[in-house]
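All remarks here apply to the structure that follows.
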Amino acid sequence: MRLAGFYLFAALVALLPVVFPDNYYVTVVGVTAFFNIMLAVGLNLLMGYAGQISLGHAAFFGIGAYVSAVTTVRYGWNPWVAMAAGLVLVWLIANLIARPILRLKGHYLAMATLGFGIIIHIVLVQADAFTGGPDGLSGIPGLVLFGWHVDSDLRWYVVAGAVMLLYVWLSLNIIDSREGRALRAVHGSEVAASTLGIDISGTKVRVFVLSALMASLTGSLFAHQQAFVSPDSFSFFFSIELVTMVVLGGLASTFGAVFGAVILTFLPEFLVVFEDFQMLIYGAILMLIMIFLPRGLFVTMADRIGPMFAGYFRQGIRET
Amino acid sequence: MGVLLQVSGLVKAYGGVRAINDLSFDVKKGKVFSVIGPNGAGKTTLFNLLTGVDTPDTGSVNLDGYELVGRPPHRVAACGVSRTFQNLQIFHNMTVIENVMVGCHLRGCSGLWSAALRLPSLLAEERRIRTWADEALAFCGMEDLAQARSSELSYGVLKKLEIARALAAKPRMLLLDEPAAGLNDTETLEMCELIKKISETGVTVLLVEHNMGLVMDVSSWVFVLNYGSCLAQGTPREIQRNPQVIAAYLGGETGIE
Ligand SMILES: Nc1ncnc2c1ncn2[C@@H]1O[C@H](COP(=O)(O)OP(=O)(O)OP(=O)(O)O)[C@@H](O)[C@H]1O
Ligand SMILES: [Mg+2]
């Protein structure tokens, strides 16, 4: 029963391209939504559950994407090796900065992660000998999975969808475990958590590194799917967009992050004004949610509707 | 019975204020050791020093051969010290049972990866943790509330929840910071029984409490703190009759008989 929501979601993801084959919104925008979900789910572990804000999450996404792009385009590396190299690099960087950064709290943490994101963005723009500078890097090869070329929208839907579901599954598993409770305890009360034997900084570092690795892998997939990367995709604005996704759905809810990512992926597709006023709209969403629905849209709705189902399930259990 | 905790020469100053001023005392194994004293005497500060939440300027805290000073709180906890807080520190983002399961943290060992992949070893540990947490809840008479959200509970119940959570760690020594503060008469009686019951299981209890009836009822030793120093210590009877204590703290009419 723990994973009922997950199976339902997985079934939906699997059925969509069957019901709507060759639909732009499913196999093209859908894949972007999957990438955003992957990033939001990872960020939610750090921000929603452990309560550590990051305004620089796009940086890890960018590092993963650029390591894949640069090593495959310029040095002809195998994409899988490139992906692993991205993970190793992100693992190193995340471990290096996590301890000093996560000692900070509140605004200070926000500023430090913001600074980190900006630095990485500048590196991507300035190191043009490798990264191609502001123009980006094109000609990134596609992925080949045991001889199976991931070369169509539908195939990318399958690959990204599978990895996305894996992320959701991992996140649900982590939250409902000793380590996941430790994360939430650190958020709830650091002093109580530490006197119960939880290593506060160790716990924060682990989840920071995990969410960075999740972003890096997403970045690598993104680079191969787009066949092109440019620094614009990994700017401070995208970090804010990710935070907005997590907050919109509801902090500390994996499906809240999924929901927020889906909404913010599809909204610009349907609202043309979005293009011009993107940042304004994100700002407004953040403010409105924080003021009126601090627990997020998804979580608030789920709490209203949930009890009806909960009653139903409880009855079911009693009868058997 | 031997000594479990030896405190010697403990000093902690905040700016110019010596909140703890050269304290030395022993706590016997399996007994209820109470620390009383007026507001601002340094009782909570003492608990913070004993649990690693704060570091003393000088002095040592020895738990059965382990030096606790200099260890971060989670390592002190690993030595078998557990506590509750004067101002509640409940994990409001979790259910009651999850709060108590956090208390079992030190009794488990599974990490991030086994959790992510939900390995069989993790599932077995989860079941054990759940059983321990259920036991701790039942011990505190809260088994019906396992699935409740902590935000739905009354103050008195939250006080008990903190104790259940601390007990779930299976501590050798439990520090209770004003467990009866804010409780009504019935709840205070229940708390009194709970403390006795905890002590009967062999856990050494350090108690800070303003309710003298409760202190005199459950304690086997009372330590009177005044401006960070020891004013007197002894059995409850001795303390009740100590003229210095009566003058400085208890006053004429505190209801201790
Ligand atoms: N973190 C701190 N910074 C500065 N001063 C502090 C700090 N913690 C405690 N103090 C001071 O130390 C003294 C002892 O405070 P403490 O909280 O230990 O008293 P207490 O005995 O627990 O009182 P109460 O019965 O009101 O809980 C007080 O004068 C207090 O102002
Ligand atoms: Mg106090």
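Assign one of three labels to the stretch A:4-234, namely rounded, prolate or oblate, based on the Cα gyration tensor with a ≥ b ≥ c the square roots of its eigenvalues; rounded applies when a/c is under 1.5, prolate when it is not and a/b is larger than b/c, and oblate otherwise. Cα axes put the stretch A:4-234 in the oblate bin. Mean residue ellipticity at 222 nm, helices only, the protein assembly as shown: -18500 deg cm²/dmol; runs of at least 4 DSSP H residues each add -39,500 (n - 2.57), and the sum is divided by the number of residues. Counting only protein chain heavy atoms and rolling a 1.4 Å probe, the accessible areas of A:Ser68, A:Ser201 rank, largest first, as A:Ser201, A:Ser68.
Report for the protein assembly as shown the percent antiparallel among DSSP-assigned beta bridges with both residues inside it, nearest 5.
60
In the stretch A:1-155, taking the dipole from charged Cβ atoms about the Cα centre, the farthest positive-side position among A:Val125, A:Ala50, A:Ala85 is held by A:Ala50. Legend: residues in the stretch B:76-102 shielded by at least 50 square angstrom of accessible surface upon adding the remaining protein chains to the isolated chain (1.4 Å probe, heavy atoms) are B:Phe91, B:Asn93, B:Val102. Seen through its C-alpha gyration tensor, with square-root eigenvalues sorted a ≥ b ≥ c, the protein assembly as shown comes out prolate because a/c lies at 1.5 or above while a/b is bigger than b/c.
Chain B and chain A together bury an accessible surface of about 2700 square angstrom, both sides counted, with a 1.4 Å probe and no ligands or nucleic acids included. Electrostatic tally near B:Ile36: other residues with Cβ closer than 15 Å to its Cβ, Lys and Arg +1, Asp and Glu -1, net -2. Computed from the C-beta positions of B:Ala247 and B:Ser151 and an R0 of 35 Å, the FRET efficiency is 0.20 to the nearest 0.05.
Go through A:Lys105/A:Lys204; A:Lys105/B:Lys159; B:Lys12/B:Lys159; B:Lys160/B:Lys197; A:Lys105/B:Lys43 and tell me which ones have a Cα-Cα distance over 23 Å in this structure. Distance filter (> 23 Å) returns A:Lys105/B:Lys159; B:Lys12/B:Lys159; A:Lys105/B:Lys43. For the stretch A:195-231, a reduction of at least 30 Å² in accessible area between the chain on its own and the assembled protein chains (probe 1.4 Å) is found at A:Thr195, A:Leu196, A:Gly197, A:Ile198, A:Asp199, A:Leu210. Around the amide H of B:Phe85, modelled in the peptide plane, lie the amide H atoms of B:Asp177, all under 5 Å away and 5 or more residues distant in sequence or on another chain. Projected label points at A:Asp22 and B:Gln6, each 7 Å from Cα along the beta carbon direction, are separated by 8.5 nanometres. When the Gaussian network model of chain A links Cα atoms closer than 10 Å, the mean-square fluctuations of A:Gly219, A:Gly51, A:Gly147 top out at A:Gly147.
Distant-in-sequence amide contacts of B:Val69, defined by a placed amide H-H separation under 5 Å and a gap of 5 or more residues or a different chain, comprise B:Val61. Taking θ as phi - 60° and the Karplus parameters 6.51, -1.76 and 1.60, the scalar couplings of the stretch B:18-23 work out to 8, 5, 10, 10, 6, 8 Hz in sequence order, x denoting glycine and proline. Springs between Cα atoms under 10 Å define the GNM used for chain B, and in it the highest mean-square fluctuation of B:Tyr227, B:Tyr66, B:Tyr14 occurs at B:Tyr14. Here chain B exposes an accessible surface that is 51 percent carbon and sulfur, computed with a 1.4 Å probe and the other protein chains kept in place. The B:Ala78 and A:Val81 beta-carbon pair, evaluated with R₀ = 45 Å, returns a calculated FRET efficiency of approximately 0.65. Taking every protein chain into account, the accessible area of chain A amounts to 45 square angstrom per residue (probe 1.4 Å).
Expected output is a single nm value to one decimal: the length gained when fully extending between A:Leu154 and A:Asp128, i.e. 0.36 nm times separation in residues minus the C-alpha distance. What is it?
6.0 nm
In nm, to one decimal, how far is the modelled label at B:Asp26 from the one at A:Leu3, with both set 7 Å along Cα→Cβ? So the label points at B:Asp26 and A:Leu3 sit 5.7 nm apart.
Among rounded, prolate and oblate, which fits the stretch A:1-103 when a ≥ b ≥ c are the square roots of the eigenvalues of its C-alpha gyration tensor, a/c under 1.5 means rounded, and a/b larger than b/c means prolate? Here the stretch A:1-103 falls in the oblate category.
Note on A:Val163: accessible area is roughly 30 Å² with a 1.4 Å probe, heavy atoms of protein only. Dipole magnitude for chain B: about 740 debye, using +1 per Lys or Arg Cβ and -1 per Asp or Glu Cβ, origin at the Cα centre.
Projecting the Cα atoms of A:Val150, A:Leu172, A:Met245 onto the charge dipole of the protein assembly as shown (Cβ charges, centred on the Cα centre) puts A:Leu172 farthest toward the positive pole. Summing Cβ point charges (Lys, Arg +1; Asp, Glu -1) relative to the Cα centre of the stretch A:4-234 gives a dipole of roughly 700 debye. For the set A:Val125, A:Val273, the ranking by accessible area, highest first and with no ligand, DNA or RNA atoms included, is A:Val273, A:Val125 under a 1.4 Å probe.
Charge dipole (Cα centre; +1 on Lys/Arg Cβ, -1 on Asp/Glu Cβ; no other charges) of the protein assembly as shown amounts to roughly 1080 debye.
Among the protein heavy atoms of the stretch A:33-154, carbon and sulfur supply 70% of the accessible surface, probe 1.4 Å, non-protein parts ignored. Each residue was assigned an accessible area with a 1.4 Å probe, and for A:Trp80 the value is about 100 Å². Ranked by solvent-accessible area (1.4 Å probe, protein heavy atoms only, all chains present), the residues B:Ser229, B:Ser34 order from largest to smallest as B:Ser229, B:Ser34. Each of B:Leu68, B:Gln233, B:Phe223 was placed along the dipole of chain B (beta-carbon charges, centred on the mean Cα), and the one lying farthest toward the positive end is B:Leu68. Using the Cβ-Cβ distance between A:Leu89 and B:Glu193 with R0 set to 51 Å, the FRET efficiency from 1/(1 + (r/R0)^6) comes to roughly 0.30. Given a 1.4 Å probe and the protein chains as shown, B:Asp144 ends up with an accessible area of around 140 Å². Comparing A:Ala59, A:Ala192, A:Ala98 in a Gaussian network model of chain A (Cα springs below 10 Å), the most mobile by mean-square fluctuation is A:Ala192. Here the label points at A:Thr300 and B:Ser121, each 7 Å from Cα along the C-beta direction, are separated by 4.4 nm in the simple model.
The values are calculated or read from the model by the stated rules, or taken from the named source; none is laboratory data. The shown structure was predicted, so the numbers you read here are calculated from the model rather than taken from an experiment. Glycine gets a Cβ as well: all are built from the backbone with ideal geometry, and neighbour counts include every protein chain shown. With ligands, DNA and RNA removed, areas are computed over all heavy atoms of the protein, side chains included. Shrake-Rupley method; radii C 1.70, N 1.55, O 1.52, S 1.80 Å.
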